[in-house]
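Bear in mind these aren't lab numbers, they're just calculated from the coordinates by the rules spelled out. No experiment lies behind these values; they were computed from the predicted model shown. Neighbour counts run over all protein chains shown; Cβ positions are idealised from the backbone, glycine included.
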């Protein structure tokens, strides 16, 4: 069995579908998970969400040992977490930063990301489609690494 693709989600994303639908839409996190699994085809997906920064750090470290690649939507931690930055920096697998909205089109405090400098790429602003494109990107980077 191939290594799984990890998809990690940060704070408040458990409220998708009801939280600020004018920004994030009405798609739930469960629906995004189903779309990611379908898009990944034969690659297993480990899909998780936490409101706790340290738990996300633990899962990033786990992904470094267990995953073929990592997609992360750190949500608000994008703009505040040096801990996530440092954990992601240790990885030797492809990392895609993913956002439903476009942080650069929002409040000024959202314009800085601690994740972008340690990610291979970032997809944002396309709603739930951002996740599907992130799956494509992550698996494409994995395929390039295989001898």
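Numbers at a glance
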{"item": "Separation of the residue 89 and residue 28 label points, Cα + 7 Å toward Cβ, nm", "result": "3.9 nm"}
{"item": "Highest-MSF residue in the chain out of 52, 96, 123 [GNM, Cα springs under 10 Å]", "result": "52"}
{"item": "Between the stretch 51-82 and the stretch 110-135, the Cα center-to-center distance that results, in Å", "result": "13 Å"}
{"item": "DSSP bridge pairs, the stretch 5-145: antiparallel proportion in percent, nearest 5", "result": "0 percent"}
{"item": "The chain: relative contact order in percent, alpha carbon pairs under 8 Å with at least 6 residues between", "result": "26 percent"}
{"item": "Selected from 135, 46, 115 as most flexible by GNM, with the chain as the system and alpha-carbon contacts under 10 Å", "result": "46"}
{"item": "Computed over the chain, Kirkwood Rh from alpha-carbon pairs, angstrom", "result": "15.0 Å"}
